[in-house]
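Structure first, commentary second.
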Amino acid sequence: MKGRTLADIAVAAVALLGMAVLLEVWTTALNVPGYLMPAPSAIAGRLVRDAAWFASEASVTFTEATAGFALGTGLAFAAASVMTLSRTIERTVFPIAILVKLTPIVAVAPLFTLWFGFGAAPKVAIAALITFFPMLVNAFVGLRSADPQELAFLETLGATRGEVFWRLRAPSALPYLFSAARVSANLALIGAVVAEWTGAEQGLGRVIFVANANLDLTALFGAVLVLAATGIVVNALVSALERRILHWHPITLTT
Amino acid sequence: MGITLSVGAGEFVAIAGRSGTGKTTLLRTIAGLVPARSGTLHVFGGSPIEARRGKRIGYVAQDPRLHPWLTVSENVELPLRVNPRDDDDPSAAREWVARVGLAAAARHYPHELSGGMRQRVALARALVTAPEVLLMDEPLASVDEITREELRTELLALWASSRCAVVHVTHDLDEAVLLADRVGVLGGRPGRIVGVVEVTEPRPRPSRLSQRPPLVSVADAVRALLPAS
């Protein structure tokens, strides 16, 4: 298993390196201007020279995305819990949730910046908004997925609704929450970047926006690569957390 | 019509019948999980809900998943932690894990257990609260034949030491005769009690019918009561 993972990484690295070499040859041979497509070596040089700067901008975006993800997940779980209480509440909350889902984030982002300013707040809000819907749907299905025989067992013991919720329904929802998290965590990152485009003082989105305006393409490509790397880190964190928390879950065991 | 039956304290009653005669529904009604549509049902002189509140009912389902995120010992402790009573003693859990022969697997998770082991955990967690009546819904139907014979013997030993009343529903007539003091035969659709057979054979009973010929004739009597399908 471990050997296979290492082999996979090696193959991916070779493929990426091959692509970089092709780009390098192409940009040098045809003398492509740097403001259209910088040579990979120039991008790599920029990444090394400004490593500390890229890292600090990335940590701003990462923090905003993480805070938004946590906020969106918390709200979605709370909403899903309330929805399981009654059909009426379910019918009230779902249309609102679908409205939230159908609203394009790109359209709302400038509005949030107008309301909440250039600081972290609107980025966190957008990241939370983008996390909310997939989490809500999965939390709702997950809370209802509790095994009927186990529900019956707890009932015969005279368990209260609260005990049934925390001891059975909430843990039953965890695998569903994690499958939503695998999608939402990266969406939250994208949400934070989009929010930064509409006005920010810091962050990778801001770097991309300014670099684009200045035709500073080594900074732009550098930021995009750092963003991709941050996405990989986010994925790895979610997977690690999932393996730790869902060690009892058969599907986690086989992957 | 319907079902008229009383189960005495410490008595082992089996309800045998074909699939679809409402065996599970009968158990769920006794446990208060579904309301009785007509008639009256008393559990210790009161309603099933009152019996549940006092944790006087133990329940074993056909193929219990248990709580997959809890270890064997945590699963057995669970009934002591929900709806806690003053006399719920968490150390009873360890004792019951040992009694069903799972001390070595106490820290395992349900997905690491065989069907028979899971069923032993289900028995331990049903008995850990010292219930006065144990309701069992075909608890041996989903394990293999060899394990089933072992579990029958263990089940009788556990029952003998706990002295609770048992209502055990099953479609396995031989099993009903091997385990019970009385076998109620359920027939028709919806089911009604078509007859009750006393099993007077002394305990300990063998794990197979053929090992004691008098039991075979009791099983024949039970079979004779079953209406043709």
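The values are calculated or read from the model by the stated rules, or taken from the named source; none is laboratory data. In this text, all values refer to a predicted model and were calculated from it rather than measured experimentally. Neighbour counts are summed over all protein chains in view; Cβ atoms, including those assigned to glycine, are modelled from backbone coordinates with ideal geometry.
Looking only at residues in segment A:122-181 that are surrounded by fewer than 20 Cβ atoms within 10 Å (Cβ to Cβ) and of a type in the set (Val, Ile, Thr), which one is farthest from the other protein chains (Cβ to nearest Cβ)? Taking the candidates together, the pick is A:Val137. Can you tell me which of (1) out of contact with any Phe, Trp or Tyr (no Cβ under 8 Å at 6 or more places or on another chain); (2) within 9 Å of chain A (Cβ to nearest Cβ) is the one B:Ser47 doesn't meet? Among (1) out of contact with any Phe, Trp or Tyr (no Cβ under 8 Å at 6 or more places or on another chain); (2) within 9 Å of chain A (Cβ to nearest Cβ), the lone unmet condition for B:Ser47 is (2). Tallying residues that are surrounded by fewer than 19 Cβ atoms within 10 Å (Cβ to Cβ), part of a loop (DSSP other than H, G, I, E, B) and not small (Gly, Ala, Ser) within segment B:108-131 yields 2. Tell me whether segment B:16-23 contains one or more residues that are touching a residue at least 12 places away in the same chain (Cβ under 8 Å), exposed (fewer than 15 other Cβ atoms within 10 Å of the Cβ), aliphatic (A, V, I, L, M) and not assigned by TED's automatic domain parsing to the domain that holds B:Asn83. No, that holds for no residue. Within segment B:46-69, is even one residue touching a residue at least 60 places away in the same chain (Cβ under 8 Å), more than 30 Å from A:Pro171 (Cβ to Cβ) and assigned by TED's automatic domain parsing to the domain that holds B:Val167? Scanning segment B:46-69 turns up no residue that is touching a residue at least 60 places away in the same chain (Cβ under 8 Å), more than 30 Å from A:Pro171 (Cβ to Cβ) and assigned by TED's automatic domain parsing to the domain that holds B:Val167. Does segment A:30-53 include one or more residues that are in contact with a Pro (Cβ under 6 Å, 6 or more places away or on another chain) and touching a residue at least 12 places away in the same chain (Cβ under 8 Å)? Checked against the condition, which is being in contact with a Pro (Cβ under 6 Å, 6 or more places away or on another chain) and touching a residue at least 12 places away in the same chain (Cβ under 8 Å), segment A:30-53 yields no hits at all.
Looking only at segment B:50-77, residues that are within 7 Å of chain A (Cβ to nearest Cβ) and either in contact with a helix residue (DSSP H, G or I) (Cβ under 8 Å, 6 or more places away or on another chain) or closer than 23 Å to B:Thr170 by Cβ (or both) come to 10 in all.
Residues being within 14 Å of chain B (Cβ to nearest Cβ), buried (at least 21 other Cβ atoms within 10 Å of the Cβ), touching a helix residue (DSSP H, G or I) at 6+ places or on another chain (Cβ under 7 Å) and more than 19 Å from A:Arg49 (Cβ to Cβ) are entirely absent from segment A:199-217.
Conditions (1) touching a His at 6+ places or on another chain (Cβ under 9 Å); (2) assigned to a loop (DSSP other than H, G, I, E, B); (3) of a type in the set (Ser, Thr, Tyr); (4) in contact (Cβ under 8 Å) with a residue 60 or more places away in the chain, marked per residue:
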residue	(1), (2), (3), (4)
B:Ile146	no, no, no, no
B:Glu154	no, no, no, no
B:Val194	no, no, no, no
B:Pro202	no, yes, no, no
B:Ser207	no, yes, yes, no
B:Ser217	no, no, yes, no
B:Ala224	no, no, no, no
B:Pro227	no, yes, no, no
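Those helices (runs of 4 or more DSSP H) of segment A:143-255 in which at least 2 residues are within 30 Å of B:Arg107 (Cα to Cα), considering only elements entirely within it, cover A:148-156, A:161-164, A:170-197, A:217-245, A:250-254. Scanning segment B:119-131 for residues that are under 22 Å from B:Glu175 (Cα atoms), more than 12 Å from every other protein chain (Cβ to nearest Cβ) and out of contact with any Ser or Thr (no Cβ under 6 Å at 6 or more places or on another chain) yields B:Gln119, B:Arg120, B:Leu123, B:Ala124.
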